[in-house]
Amino acid sequence: MSYDFHVGQKVVCIDDTFKHVSIDQGIRKGEIYTLRWVGEYTHYIDGTFFGVKLEELHRGNDDGPEGYGAADMPFRATRFRPLVKDKISSLRKLLAPTPEEPKVKVKKKEEV
């Protein structure tokens, strides 16, 4: 999956459910947030994922009874989508043809 996120961007939460977690994570489906950090994150239990941190929410240290010890751990980017102001324009972008990859010619090795 490709992510088109950048710091300062407005996003909408599309998934606020957390399996096997009873502690409120603070995000709410349908709410709008501002990105303050985006990037790849590696967690020793959850593995490597593309994550985002939000201006409106600092998670602090994850050291509670179900915590993993991470400081201000990002949310998975899959929980959010960019806030779309012009919905028609965003749909047109999906229909636009994607450029083909350039073909690379490989020179055959000459024997001397």
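Quick check on this structure: which one of 18, 50 is surrounded by 14 or more Cβ atoms within 10 Å (Cβ to Cβ) and touching a strand residue (DSSP E or B) at 6+ places or on another chain (Cβ under 7 Å)?
Working: 18 fails: touching a strand residue (DSSP E or B) at 6+ places or on another chain (Cβ under 7 Å).
After ruling out the rest, the residue left standing is 50.
One line per residue, one yes/no per condition, for (1) over 16 Å from the mean Cα position of the chain (by Cα); (2) β-branched (Val, Ile, Thr):
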| position | (1), (2) |
| --- | --- |
| 20 | yes, no |
| 32 | no, yes |
| 35 | no, no |
| 39 | no, no |
| 47 | no, no |
| 51 | no, no |
| 55 | no, no |
| 61 | yes, no |
Test: residue in region 32-43 that is surrounded by fewer than 12 Cβ atoms within 10 Å (Cβ to Cβ) and modelled with pLDDT under 85: no
Residue 74, sole failed condition from (1) exposed (fewer than 15 other Cβ atoms within 10 Å of the Cβ); (2) modelled with pLDDT under 95; (3) not small (Gly, Ala, Ser): (1)
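Hey, among the residues in region 4-23 that are polar (S, T, N, Q) and touching a residue at least 40 places away in the same chain (Cβ under 8 Å), which one's farthest from residue 36 (Cα to Cα)?
First, pick out the residues of region 4-23 that are polar (S, T, N, Q): 9, 17, 22.
Narrowing the set further to residues that are touching a residue at least 40 places away in the same chain (Cβ under 8 Å) leaves 9, 22.
Values: 9: 8, 22: 26 Å.
Among those that are polar (S, T, N, Q) and touching a residue at least 40 places away in the same chain (Cβ under 8 Å), it is 22.
Here is a yes/no grid of residues against (1) modelled with pLDDT under 85; (2) over 14 Å from residue 5 (Cβ atoms):
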residue: 30; (1), (2): no, yes
residue: 53; (1), (2): no, no
residue: 69; (1), (2): yes, yes
residue: 88; (1), (2): yes, yes
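The values are calculated or read from the model by the stated rules, or taken from the named source; none is laboratory data. All of these numbers come straight from a predicted model, not from anything done at the bench. Ideal geometry is used to build each Cβ from the backbone, glycine not excepted, and the neighbour counts take in all protein chains shown.
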